[in-house]
1. Going through the range 190-204 one residue at a time, which ones are among the hydrophobic types (A, V, I, L, M, F, W, C) and over 24 Å from the mean Cα position of the chain (by Cα)?
2. Identify, by number, the condition in (1) touching a helix residue (DSSP H, G or I) at 6+ places or on another chain (Cβ under 9 Å); (2) within 23 Å of residue 231 (Cα to Cα); (3) among the aliphatic types (A, V, I, L, M); (4) open to solvent by 50 Å² or more (accessible area, probe 1.4 Å) that residue 357 doesn't meet.
3. Residue check: is residue 178 in contact (Cβ under 8 Å) with a residue 40 or more places away in the chain, open to solvent by 30 Å² or more (accessible area, probe 1.4 Å) and touching a strand residue (DSSP E or B) at 6+ places or on another chain (Cβ under 6 Å)?
4. In this structure, does residue 139 turn out to be more than 18 Å from residue 342 (Cβ to Cβ) and free of Cβ contacts under 8 Å to residues at least 12 places away in the same chain?
5. Six or more apart or on different chains, Cβ under 6 Å: which pairs go from a residue in the range 216-234 that's in contact (Cβ under 8 Å) with a residue 40 or more places away in the chain to one that's polar (S, T, N, Q)? Could you list them?
Amino acid sequence: MDWLPTLSEWQGPIFLRIVDALAGDVASGKLVRGQRLPTHRALATALNVDVTTVTRAYGEARRRGLLEARVGQGTFVSETTARASLDLPAQVKIDLSMNIPPQPVEANLDLRIAQGLASIRREAGFSAFLNYLKPGGSDDEREVAAAWLRRRVSEADAERIVIYPGSQAIIFNTLLALTSPGDVVLTEALTFPGIKAAAAKLGVRLIGVAMDGEGVRPDALKDACRVHKPKAVYLVPTQHNPTTVTIGPARRKAIAEVVRKSGSLLIEDDTYGPLEAPVAPIASLIPERTYLAASFSQCVAPGLRVAYLLAPDAAAEQIMRSALQATTQMPPPLMVALLTHWIRSGIADELSSAKRLGIPA
């Protein structure tokens, strides 16, 4: 038999032990995507359990997105953790506003979350994270954030970081801090719906800049800065939403020079950055003029509402911290604690790598 789970390492009902063992073996690489699993009867015989127990375990694993059943072929390890449409609580609606990489089964988020929360409970308990905490993150959390960001922006330091509840909150609050109604912000000709929604609420005028196959054109950006005198430029240089284009190093330098000479500010959405780690953000070229939004929604999971804002300087950090406190008070402390634990333990790297390897080249 190709796979026989070790149930003694897990707790709870036998069918859940089978599911947890399956998830653990997928995460460790013992089981790989597309691998065929034993039949219900064969596994039941090997484990000396009733066939209905295995059937229930396979059903739960399928509900979690770990398995897929193919008519006439058998049961296989799933390619992603996407749930079958019949298992979803509501009708699926097509949404083309987001570029969302598939969640690879190797990420095994259910198990990672359970283990991470167990570690937090042992070390500090949960109660400490259920009160009002310092807006923008504690000193320790910001130091961990700085270490994570320094891989992509060497000048990142904790004094310039504010932890937000997701990149959309960063976009909204940055516009709130930098603009007034009627002000102009330049974007790519095709741009992220999130900034459109934020700008509409704040009365900010968005003007699109011409693009080509490599993203926004520096010459068109230069002309737009001269004509419109924008308060800021918003760009998604890496895996641009919606085109998925990534701007190359030479063009990034040209864009940075345009922003610097125009006297404008850059709002750089680096949500997809960790999925193309070798490509440095434009913020690394003009840190003094850039508000960098680094989210975990694409490299880990969209529901993990934690994002790092790297402000141009300490004064800007204070302004952005005040904006956060005025709009949403603080990021969800328990989520920040979980992400901080994952970064420290190396799990965040493992999850990002799983996502990155799961994206077709």
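The values are calculated or read from the model by the stated rules, or taken from the named source; none is laboratory data. From a predicted model like this one, the values you see are computed outputs, not experimental measurements. Positions of Cβ are generated from backbone atoms using ideal geometry, with glycine treated the same way; all protein chains shown enter the neighbour counts. For accessibility, only protein heavy atoms count, side chains too; no ligands or nucleic acids. Shrake-Rupley method; radii C 1.70, N 1.55, O 1.52, S 1.80 Å.
1. Selection gives 200, 202, 204.
2. Exception for residue 357: condition (2).
3. Details: in contact (Cβ under 8 Å) with a residue 40 or more places away in the chain: yes; open to solvent by 30 Å² or more (accessible area, probe 1.4 Å): yes; touching a strand residue (DSSP E or B) at 6+ places or on another chain (Cβ under 6 Å): yes.
Against the criterion (in contact (Cβ under 8 Å) with a residue 40 or more places away in the chain, open to solvent by 30 Å² or more (accessible area, probe 1.4 Å) and touching a strand residue (DSSP E or B) at 6+ places or on another chain (Cβ under 6 Å)), residue 178 qualifies.
4. On the way: more than 18 Å from residue 342 (Cβ to Cβ): yes; free of Cβ contacts under 8 Å to residues at least 12 places away in the same chain: no.
Taking the combined requirement at face value, the residue does not satisfy it.
5. As it stands, the answer is 230/264; 231/179; 233/264; 234/187, since those pairs meet every condition given.
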